[in-house]
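Following: one structure in structure tokens, then a few remarks.
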Amino acid sequence: MKILYTFFLLGISQVFFAQSQSVPKLFLKDILTFPLGASVNPRLLDENITYRERTGSEFSSVTAENHMKMMNIHPGADRFDFVLGDEIVAFAGNRKQRVHGHTLVWHNQVPQWMKDFQGDQVAWENMLKNHIQTVVSHYKGKVAGWDVVNEAFLDDGSLRPTIWSDHIPDYIAKSFLWAREVDPTVLLFYNDYGQDGKPKKMQAILDLVADFKKRNIPINGLGLQMHINIISKNEAILDVITKSAATGLSIHFSELDVAVNPKNNPEFMYDDVAKDEQLNKFLMLFNSFKSLPKAQQYGITFWNVGDKDSWLRGYFKRPKEYPLLFDDGYARKPAYQVLLQTLK
Ligand code: G3I
């Protein structure tokens, strides 16, 4: 009897073993009808094997978090440094992931030599044109889309004063034209944050698109960064999505994270209530993205892979922040499983 029982147990464990071997692991990226991305850091890809594995297996698109920005890719007037950007492209290429380019023109992470640049309007235009065209040409055929200009408007809808607006009239349109000149097919995006609850900023972006259409300036998409938090208002976010989609352009939720501790409470507990509120925001965003016309669904990109590396922790000195789908050890959080079940 004892022997029979032992065989029975062995049999059961064999069945379980066989099942765990044969049931393929389901990936969120595989059940979605659009690319799922993350911003990535080449240092972590080199140093952290779990990060590397997760980034490679869980996402179908990657964006360089910092290494295609002016400061890193164009550190000297006569010097471009493509090493780390190329590393990301090679990583993605080996895994058949799409690469999204971020970003050609921004007021932040600008190298000192550009800030110190001296010259008349023509010299400034040549400098920016050379930057854009060298980078776009380098990644031609390797990058699916570019955030051509990032965060050009203030909350009140006015043009943000930057070295670009100071020295180059109509610099946004010119940047798009210069990018298109060297790559006729790459998708060109305008990317910005915080349009929800800021109707003037939203309107400035819609006006930009309308003006571009009128003047035949090429633009293919809008990046809605989606750095939101659990107390962000759903109606305001949905309004931004509806208005952006009404332009007919491709839509990219380009830098998604849902902060759970936006007020930086040092006693914050990431408890079930906070987790549920965060999950509801993820569901709202994924469901609204899914309901966009297929041709406009460029994808959803998370800003960073695991909570541990979220820019929110470092940038805002907010150690108790957990805004992503993977935890500090890059394990899937419960919200991931719910998305998997709900979005199938
Ligand atoms: O690389 C230097 C290092 O050499 C130096 O020792 C260290 C000291 O502070 O700084 C390091 O640079 C940091 C860089 O990230 C790389 O890690 C900068 O200080 C830090 O400011 C920079 O932050 C980046 C931020 O953009 C800059 O504004 C974040 O990583 C990046 O996630 C964030 O990304 C932006 C998007 O591009 C545009 N939308 C908003 C989003 C979040 O701010």
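The values are calculated or read from the model by the stated rules, or taken from the named source; none is laboratory data. None of these values were measured; they are calculated from a predicted model. Every residue, glycine as well, gets a Cβ built from its backbone with ideal geometry; the counts of neighbours run over all protein chains shown. Calculation scope for accessible area: heavy atoms of the full protein, side chains included, ligands and nucleic acids excluded. Shrake-Rupley method; radii C 1.70, N 1.55, O 1.52, S 1.80 Å.
Can you say whether GLY85 is within 22 Å of PRO42 (Cβ to Cβ) and within 15 Å of the ligand (Cβ to nearest atom), as far as the supplied structure shows? Don't jump to the end; show me each part of the working.
On the way: within 22 Å of PRO42 (Cβ to Cβ): yes; within 15 Å of the ligand (Cβ to nearest atom): yes.
Here the answer is yes, as GLY85 does meet what is asked.
Give the residue that is most open to solvent (accessible area, probe 1.4 Å), with candidates limited to residues of region 79-112 that are of a type in the set (D, E, K, R) and out of contact with any Ser or Thr (no Cβ under 6 Å at 6 or more places or on another chain).
Our first condition is that a residue be of a type in the set (D, E, K, R); within region 79-112, this holds for 79, 81, 86-87, 95-96, 98.
From what is left, the residues that are out of contact with any Ser or Thr (no Cβ under 6 Å at 6 or more places or on another chain) are 79, 81, 86-87, 95-96.
Values: ARG79: 130, ASP81: 58, ASP86: 58, GLU87: 69, ARG95: 85, LYS96: 183 Å².
The extreme case among them is LYS96.
Output the residues belonging to region 293-325 that are more than 18 Å from the chain's Cα centre (by Cα) and buried (at least 17 other Cβ atoms within 10 Å of the Cβ). Steps first, answer last, please.
First, pick out the residues of region 293-325 that are more than 18 Å from the chain's Cα centre (by Cα): 293-295, 316-321.
ARG318, GLU321, listed by residue number.
Checking GLY76 against (1) open to solvent by 50 Å² or more (accessible area, probe 1.4 Å); (2) free of Cβ contacts under 8 Å to residues at least 40 places away in the same chain, only one condition comes out false. Which one?
(1)
Which of the residues that make up region 292-318 are part of a loop (DSSP other than H, G, I, E, B) and within 16 Å of the ligand (Cβ to nearest atom)? First the steps, then the outcome.
Going through region 292-318, the residues part of a loop (DSSP other than H, G, I, E, B) turn out to be 292-293, 303-305, 310, 316-318.
Hits for region 292-318 are TRP303, ASN304, VAL305, SER310, PHE316, LYS317, ARG318.
Could you list, in sequence order, all residues of region 171-192 that are in a helix (DSSP H, G or I), touching a Lys or Arg at 6+ places or on another chain (Cβ under 8 Å) and open to solvent by less than 10 Å² (accessible area, probe 1.4 Å)?
ALA173, the sole residue that qualifies.
Kindly check whether there is at least one residue in region 332-339 that is surrounded by 14 or more Cβ atoms within 10 Å (Cβ to Cβ), within 14 Å of the ligand (Cβ to nearest atom) and either on the phi > 0 side of the Ramachandran plot or without any contact (Cβ under 8 Å) to a residue 60 or more places away in the chain (or both).
The answer is no, given that none of the residues of region 332-339 is surrounded by 14 or more Cβ atoms within 10 Å (Cβ to Cβ), within 14 Å of the ligand (Cβ to nearest atom) and either on the phi > 0 side of the Ramachandran plot or without any contact (Cβ under 8 Å) to a residue 60 or more places away in the chain (or both).
Scan region 48-56 and give yes if some residue there is modelled with pLDDT of 95 or more, of a type in the set (Lys, Arg) and in contact with a helix residue (DSSP H, G or I) (Cβ under 8 Å, 6 or more places away or on another chain), otherwise no. Spell out the reasoning first.
The first filter runs over region 48-56 and keeps only residues modelled with pLDDT of 95 or more, leaving 48-56.
Pick out the ones that are also of a type in the set (Lys, Arg) and you get 52, 54.
Then drop every residue that is not in contact with a helix residue (DSSP H, G or I) (Cβ under 8 Å, 6 or more places away or on another chain), which leaves 52.
The answer is yes; a qualifying residue exists.
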